[in-house]
Amino acid sequence: MSTQSAEYPIDRIATPCRDERLVVAPSFTEGTFDSHAVDCPFVFSRDGRQGMTYVGWDGVGYQTALAWNDAEHGWGPGRVVLARDASDPLRRYNAALTSIARDNDLWSAGELRDFDGWHYGTFHAYPAAGYEAGPASIGFVRSRDPLHWEQTGAVLDPRDGGAWERGGLYKSWLLEHEGLFYTFYNAKDRDQWPWTEQTGLAVSSDLAHWTRHDANPVLSVGGPGSFDERFASDPCVLRDGDFWIMFYFGLAEDGHAREGFATSRDLRTWVKSKEILLDVGPAGSIDSLHTHKPAVMSWNGRLEHYYCAVTHRDPVRLGGYAQREMRGITRATGAGTPPPNTDRSPA
């Protein structure tokens with residue numbers, strides 16, 4: 001992976017207008033799937049409706065909900081569509097759906113792809129109860145609609161990968177291009193803090209047999225002083241003309257997460273931009289601690305960039321756990337759709 005600055009203009013994907021409010025927030029109601037936090041947005045469209053999957057944390061583990069955006073009332077209440085399953089060894093404590101194969105075009109509304117009547121998605125799950133407890137694995141699911149999901153294909157296990165991912169696998173992004181499925185995922189090198197998170201790639205023709213890229217991680221952490229010195233995580237991969245754009249977040253030594261991007265011609269070799277795409281907000285704002293976990297689409301003629309916003313808050317005690325942060329989902333928007341991309345070389 002090249003670390004040189006990409007010759008791709010950041011103004012094409014800039015989203016400077018922040019909502020400055022949460023569009024999806026935790027309930028802080030004990031017994032609900034989203035009692036403690038909501039996280040990991042994925043935005044798409046289906047049949048002309050704008051949808052979002054996101055995960056909720058309830059002190060035990062993650063479950064996944066689906067919400068629809070109503071033009072008059074905004075994002076409606078989430079309905080759990082991928083729940084924990086005590087009988088399933090992978091989903092016993094967690095079921096965090098993080099992407100569904102969609103139209104790859106950055107400037108599209110992200111319509112879900114149909115493969116012989118099925119939508120395909122990817123999720124990750126941790127092996128124990130608690131907040132991201134133990135080395136997580138990645139599984140795959142399919143659905144005839146976005147509401148009812150069943151597991152399919154193989155499981156990506158951290159024990160089968162390189163040393164950089166042995167600590168567990170995190171949020172992943174699934175896409176299909178020219179007959180191959182690509183799963184981009186971030187992972188950590190060890191299960192105990194401090195660890196390093198980086199982004200890798202696995203490919204498959206059938207979701208059942210996966211081959212990890214031999215040059216993993218394809219997106220590595222940056223050098224000392226960079227905004228992604230500790231983490232280069234949570235890929236969102238979309239196409240803009242001749243370029244593939246990977247939106248991702250970095251964690252710096254100052255303890256803040258910020259969003260950046262990288263570009264590629266072939267989905268395998270990535271060139272980072274040195275520019276920060278979305279920085280943390282000022283003190284007292286909803287994203288003063290972290291601005292991270294991107295989900296991007298075009299809607300009503302403009303780019304919409306959803307992300308997880310985190311700030312400190314007075315503790316809320318739920319089930320014996322004191323939640324000391326507000327973790328929810330917000331949006332930043334850009335200008336209208338730009339003119340067609342020209343053939344700019346990334347290096």
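For the pair Asp114 and Arg268, label points projected 7 Å from Cα toward Cβ lie 3.3 nm apart. The alpha carbons of region 1-76 occupy a box of 49, 33, 26 Å along the principal axes, longest dimension given first. Shape verdict for region 59-106, please, from the Cα gyration tensor: rounded (a/c under 1.5), prolate (a/b greater than b/c) or oblate. It is oblate, given that a/c is not under 1.5 and a/b is not larger than b/c.
Each part reduced to its alpha carbon centroid, region 36-58 and region 218-236 end up 25 Å apart. (1) 26; (2) 9; (3) 35: which one is percent of Cα pairs over 37 Å apart as calculated from this entry? It is the value labelled (2).
Quick one: compute the contact order of the chain, relative version, from alpha carbon pairs under 8 angstrom and 6+ residues apart, as a percent. Show your work: numbers first, answer last.
Numbers: 1017 pairs, mean separation 63.4, N = 347.
Rounded, it is 18 percent for the chain.
Within region 133-191, which GluC sites (Glu not before Pro) sit in a loop by DSSP and count at most 16 neighbouring Cβ atoms inside 10 Å? Walk me through the numbers before you get to the answer.
Values: sites: Glu150, Glu165, Glu176, Glu178; in loops: Glu178.
Counting only loop positions with at most 16 other Cβ atoms within 10 Å, the GluC sites (Glu not before Pro) in region 133-191 are Glu178.
Using a ≥ b ≥ c from the Cα gyration tensor of region 118-184 (square roots of the eigenvalues), is it rounded, prolate or oblate, where a/c under 1.5 gives rounded and otherwise the larger of a/b and b/c decides, a/b for prolate?
On the way: a/c = 2.64, a/b = 1.39, b/c = 1.89.
Oblate, since a/c reaches 1.5 and b/c is not below a/b.
Of the peptides 65-76, 38-49, the order by per-residue mean of other Cβ atoms within 10 Å, starting with the highest, comes out as 38-49, 65-76.
Ignoring ligands, DNA and RNA, what accessible area per residue does region 62-216 give at 1.4 Å, in Å²? It would help to have the intermediate numbers written out before the result.
Working: 6320 Å² over 155 residues.
For region 62-216, the solvent-accessible area averages 41 Å² per residue.
For region 209-221, putting each phi into the Karplus relation 6.51 cos²θ - 1.76 cosθ + 1.60 with θ = phi - 60° gives couplings of 10, 10, 10, 6, 5, 6, 10, 4, x, 7, 10, 9, 5 Hz, in residue order, rounded to whole numbers and with x for Gly and Pro.
Once you've got the GNM for the chain with C-alpha springs shorter than 10 Å, pick whichever of Ile13, Ile329, Ile276 has the biggest mean-square fluctuation. The residue that fluctuates most here is Ile276.
Each 10 Å bin from zero holds the following percent of Cα-Cα pairs in region 118-243: 13, 43, 33, 11, 1. Between Ala86 and Thr211, the modelled labels are 4.3 nm apart [label points 7 Å from Cα along Cα→Cβ]. How far apart, in nanometres, would the label points at His73 and Ala322 be if each is projected 7 angstrom from Cα along the Cα-to-Cβ direction? For His73 paired with Ala322, the spin-label model returns 3.7 nm.
Shape class of region 209-265 from the alpha-carbon gyration tensor: oblate, with a/c at 1.5 or above and b/c at least as large as a/b.
Expressed as a whole percent, the accessible area of the chain that falls on carbon and sulfur atoms is 47 (1.4 Å probe).
Extension gain Ala335-Asp191, at 0.36 nm per residue separation less the Cα-Cα distance, in nm? All intermediate terms of the calculation are to be shown ahead of the outcome.
Numbers: separation 144, 0.36 × 144 = 51.84 nm, distance 4.10 nm.
Extending this stretch completely gives an extra 47.7 nm.
The values are calculated or read from the model by the stated rules, or taken from the named source; none is laboratory data. Small disclaimer: the values here were computed from a predicted structure and weren't measured. Methodologically, a virtual Cβ is constructed for each residue, glycine included, from the backbone with ideal geometry; neighbour enumeration extends over all protein chains shown. These accessible areas exclude ligands, DNA and RNA; they are computed on the full protein's heavy atoms, side chains included. Shrake-Rupley method; radii C 1.70, N 1.55, O 1.52, S 1.80 Å.
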